[in-house]
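Beneath this line is the structure, given in structure tokens, with notes to follow.
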Amino acid sequence: MPTALITGATAGLGAAFARRLASDGFDLVLLARDAKRLDACARELHDRYGVRAEALPADLSTDEGIGRAEERLREGVDLLVNNAGFGNRGAFLDVPVEDELVMLRVHCEAVLRLTHAALPPMLERGRGGVVNVASVAAFATRGTYGASKAWVVSFSQAAAAEIAGRPGAGRVRVMALCPGFVHTEFHERAGMDMSGIPEFMWLGQDRVVDEGLRDLRRGVEVSVPSPQYKAIVGLSRFVPASLVGRFSRSGRRWD
Ligand SMILES: NC(=O)c1ccc[n+]([C@@H]2O[C@H](COP(=O)([O-])OP(=O)(O)OC[C@H]3O[C@@H](n4cnc5c(N)ncnc54)[C@H](OP(=O)(O)O)[C@@H]3O)[C@@H](O)[C@H]2O)c1
């Protein structure tokens, strides 16, 4: 059975990845901070799909938490989904700088270190994949969040290029997944009022996962699910990033 390690696997997109991969027959390593919730998710996935589901409680904003994930990845997995992420409650200057640094740790340092730990065993076996969940916010000026996701896109492209020339890289893929708005716990946790966002801008979790995994199989390096967001990201190349950022902020308020 192939094995997938998913970070942020207890809610939103990570939970959708877990359900989809379990139904595809993957054994799972599920990572998040809330150990009770993790255990419940692991049990439910095991009971429903008959796969092995291992709970790995870890906080990816800590050196110890990242270290635990690295250790498990060095044993070898077939797919790593670097999905854990969050938004801070407020704009750059209104948020304690420590919280912005925690975001960089989870969105950038953890993604870097987990990818670094996962790829060597994949290259040895000549197959595997890393999906780094970024965001369409990577293509606009959207504070530290957008900047961290722009890093994820750039880093994923660089990692894909870096492994391309290596022996065994033929069937090893690295991809950045850039969803638009998805109904998850994300906005509530960040205290964002999203009532101004029109319905057509919202994507279903399962759709994002389906399109992402299909793009991974096809060897796409930057996946942007849905025609509407492909168009927005395409157009953003011709419009100043600050203008795209102003537009994308217009329907969003913090409580
Ligand atoms: N929702 C959207 O509109 C949207 C759009 C574009 C991109 N994204 C990206 O998609 C990814 C998933 O977000 P989501 O919307 O599914 O959010 P979500 O519903 O809030 O789920 C976040 C998950 O990450 C875990 N997590 C948070 N901080 C963590 C930490 N320090 N260490 C380990 N696990 C942690 C949470 O569990 P615990 O709290 O138990 O740790 C939870 O399982 C994020 O990277 C986000 O930036 C979301």
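We did not get these values from a lab; they are worked out from the coordinates using the rules stated. If you're wondering where the values come from, they're calculated on a predicted model, not measured in any experiment. Cβ coordinates were reconstructed from backbone atoms using ideal geometry, including for glycine residues, and neighbour counts include every protein chain displayed.
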Practice task
Taking the residues in the stretch 151-182 that are in a loop (DSSP other than H, G, I, E, B) and more than 14 Å from the ligand (Cβ to nearest atom) as candidates, determine which candidate is surrounded by the most Cβ atoms within 10 Å (Cβ to Cβ).
Solution key: 169
Practice task
Evaluate the following for residue 124: is it assigned to a helix (DSSP H, G or I) and within 15 Å of the ligand (Cβ to nearest atom)?
Solution key: no
Problem - Failed item, numbered, when residue 108 is tested on (1) part of a helix (DSSP H, G or I); (2) within 9 Å of the ligand (Cβ to nearest atom); (3) in contact with a Phe, Trp or Tyr (Cβ under 7 Å, 6 or more places away or on another chain) - result: (2)
Exercise for the section: For residue 207, state whether it is within 14 Å of the ligand (Cβ to nearest atom) and more than 29 Å from residue 101 (Cα to Cα). Expected result: yes
Problem - Residues of the stretch 192-243 satisfying the condition of being loosely packed, with under 12 Cβ neighbours inside 10 Å and of a type in the set (Ser, Thr, Tyr) - result: 195, 242
Problem - Count - residues of the stretch 85-130 that are among the acidic types (Asp, Glu) and either within 21 Å of residue 63 (Cα to Cα) or in contact with a Ser or Thr (Cβ under 9 Å, 6 or more places away or on another chain) (or both) - result: 4
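Would you check if residue 133 is of a type in the set (A, V, I, L, M, F, W, C), closer than 22 Å to residue 76 by Cβ and either within 12 Å of the ligand (Cβ to nearest atom) or in contact (Cβ under 8 Å) with a residue 40 or more places away in the chain (or both)?
Criteria met by residue 133.
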Completion exercise
residue 148 passes all but one of the listed conditions (1) under 24 Å from residue 218 (Cβ atoms); (2) in contact with a helix residue (DSSP H, G or I) (Cβ under 7 Å, 6 or more places away or on another chain); (3) of a type outside the set (A, V, I, L, M); the exception is number (1)
